[in-house]
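Chemist: Below are the structure tokens for one structure; questions will follow.
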């Protein structure tokens, strides 16, 4: 084992550590998903963490087809796949070429995983959800909701024991940006909710108290 490790170049050793660490974390996250209920937020480790990372996105990236790319899950997928590809090609194309291939394949893997989880969520959410039950619920903005119904965004809310991503519009005079707390006021159609921003935390507490 020692001889095998010492036979690698410093560059290969770094790539191996990155790839192996990323793979280990991905496996742990997968175990969390399986034994933690199989929800999106359990796979990410924490829903709030996922949203906080998304707040750092440039808006065009965050809003790209509604994909969750810049997340904990996506980051470790990038490191694992990109690391193994770079490690495997390091002797063939050299360090510079290996890094380019690693970045390329890591990015592709992260995007494909985001597509897969978006499809999974859509299938899961199609069950027996009645969006009327979302009225009055508190949630957060995932993709910016344009002001005065000038466009559509997405919000994350929990209802009927499901954590779901829902299309949303607002009558507010200002855009609702990623991470803002919102309340569902009604339905625009069967699968699109009307929301408003909530800046006063006492309103949230009173609303939750009424539901209890």
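Chemist: Could you tell me how many of the residues in segment 1-28 are over 34 Å from the mean Cα position of the chain (by Cα) and under 19 Å from residue 90 (Cβ atoms)?
Modeler: Quick first cut of segment 1-28, residues over 34 Å from the mean Cα position of the chain (by Cα) only: 1-9.
From what is left, the residues that are under 19 Å from residue 90 (Cβ atoms) are 3-9.
Adding up the residues that qualify gives 7.
Chemist: Among (1) touching a residue at least 40 places away in the same chain (Cβ under 8 Å); (2) in a helix (DSSP H, G or I); (3) more than 30 Å from residue 7 (Cα to Cα), where does residue 154 come up short?
Modeler: Failed condition: (2).
Chemist: Check 122, 154, 126, 147 and return the single one that is modelled with pLDDT of 80 or more, under 23 Å from residue 195 (Cβ atoms) and surrounded by fewer than 17 Cβ atoms within 10 Å (Cβ to Cβ). Steps first, please.
Modeler: On the way: 122 fails: modelled with pLDDT of 80 or more; 154 fails: surrounded by fewer than 17 Cβ atoms within 10 Å (Cβ to Cβ); 126 fails: modelled with pLDDT of 80 or more.
Among 122, 154, 126, 147, only 147 is modelled with pLDDT of 80 or more, under 23 Å from residue 195 (Cβ atoms) and surrounded by fewer than 17 Cβ atoms within 10 Å (Cβ to Cβ).
Chemist: Please enumerate the residues belonging to segment 173-201 that are in a loop (DSSP other than H, G, I, E, B), under 24 Å from the mean Cα position of the chain (by Cα) and within 11 Å of residue 145 (Cβ to Cβ).
Modeler: 175, 177, 178, 180 - these are the residues of segment 173-201 that are in a loop (DSSP other than H, G, I, E, B), under 24 Å from the mean Cα position of the chain (by Cα) and within 11 Å of residue 145 (Cβ to Cβ).
Chemist: I'd like to know if segment 165-172 contains one or more residues that are at pLDDT below 85 and either outside the structural domain of residue 26 (by TED's automatic domain parsing) or part of a loop (DSSP other than H, G, I, E, B) (or both).
Modeler: First, the residues of segment 165-172 that are at pLDDT below 85: 165.
Checking which are either outside the structural domain of residue 26 (by TED's automatic domain parsing) or part of a loop (DSSP other than H, G, I, E, B) (or both) leaves us with 165.
Yes, that holds for at least one residue.
The values are calculated or read from the model by the stated rules, or taken from the named source; none is laboratory data. All figures in this text were calculated on a predicted structure; none of them were measured in a lab. Neighbour counts are summed over all protein chains in view; Cβ atoms, including those assigned to glycine, are modelled from backbone coordinates with ideal geometry.
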